[in-house]
1. For the range 95-124, which chymotrypsin sites (Phe, Trp or Tyr not before Pro) are in a loop by DSSP, counting at most 15 other Cβ atoms within 10 Å?
2. Amide H neighbours of Arg141 under 5 Å, at least 5 residues apart or on other chains, H built in the peptide plane: list them.
3. For a quick protection proxy, order the peptides 84-90, 115-121, 196-202 by their average other-Cβ count within 10 Å, most packed first.
4. Please state the shape class of the range 80-206: rounded when a/c is under 1.5, otherwise prolate if a/b exceeds b/c and oblate if not, all from the C-alpha gyration tensor.
5. May I ask you to order 56-68, 130-142 by the average number of other C-beta atoms within 10 Å around their residues, highest value first?
6. Taking the Cα centre of the range 2-200 as origin, work out the dipole magnitude from +1 charges on Lys and Arg Cβ and -1 charges on Asp and Glu Cβ, in debye rounded to 20.
Amino acid sequence: MSLHFYNQGTGEQADGRAMVWYLIIANCAVHLLLNGDLYDIFALHCGGGFHFWQLLTAGFLHSHETIFHLIFNMWSLYLFGMLVAPHIGQIGFLLLYCISVLAGNLLFLIPNFGGEALVVGASGAVFGVMAAAAMLEPDRRFTLLFLPFKPLRTTSLVICFAVAEIIFLLPGARDGVAHLAHLGGLVGGYLFIKLRYPRMVVWDVFRPRVRNVRTDDGPEEVRHRSGPVSSAELDALLDKISRYGINSLSEYELARLRQAREEMRGK
């Protein structure tokens, strides 16, 4: 999976992206240094040996049976994290990661409590970050190198992943992967962005009309679909620019900003 984008961020944006690297380094360091009894203590035990801290610490552990578990999760965290972190900064991204891990592991634990399952991995966090990327940067394009499809928007890619996880939960689909934790992370990331950063949300799966604008639409088409720009919406756009720079705006937001300028000129 490859992602092509360019964003010359401000110092605050750079700080946000730094947290992505901190988390990647932390995961890699834990993988290299933590083994044996300590690994067993911090992994999530659904049966005997469960401790509440494992709901979080398991999100920094990865299977030692294959390095690809770690590589795939860290690569995905980098791709989607670099889209999200400039919007919400270091602390916001750290909270997004941790809340997605907690939500994913908790959702898996509830129906499996008392069983023998042992859960590790940052996949719940990755799915939470993916949900955030779809909400904040819905028009970014991803190219799937192993599929002969045209580049997919962030929203389409995340929806495909979510549908795949649901399919894997169907009876008879057993592959040893905690798909329920992935979905929990997706929900946790969605709720975190929805509740903490409502003004930044560009696309919401439960409000598809917000996303119903093509990137090549001109001001007339945007005005027809979305109506006049309210003062509250304009304030939110200007606040986002002041905090994260003009490059943080999506194509839709840029079109709305141009529309607001024309509306003010016409008064």
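1. Values: sites: Tyr97, Phe108, Phe113; in loops: Phe113.
Taking the range 95-124 and a limit of 15 other Cβ atoms within 10 Å, the loop chymotrypsin sites (Phe, Trp or Tyr not before Pro) found are Phe113.
2. Hits under the 5 Å cutoff: His4.
3. On the way: 84-90: 22.9, 115-121: 17.7, 196-202: 15.4.
Going from most to least packed, we get 84-90, 115-121, 196-202.
4. Numbers: a/c = 2.10, a/b = 1.26, b/c = 1.67.
Taking the square roots of the gyration eigenvalues as a ≥ b ≥ c, the range 80-206 is oblate.
5. Values: 56-68: 17.6, 130-142: 24.2.
In descending order of packing, they fall as 130-142, 56-68.
6. On the way: 9 positive and 10 negative charges, 142 e Å.
Around 680 debye, computed over the range 2-200.
Values quoted throughout were computed directly from the atomic coordinates according to the rules given, and no laboratory measurement underlies them. Here the structure is a predicted model, which means the values were calculated and not measured. Quick reminder, even Gly has a Cβ in these numbers, built from the backbone with ideal geometry, and neighbours come from all protein chains shown.
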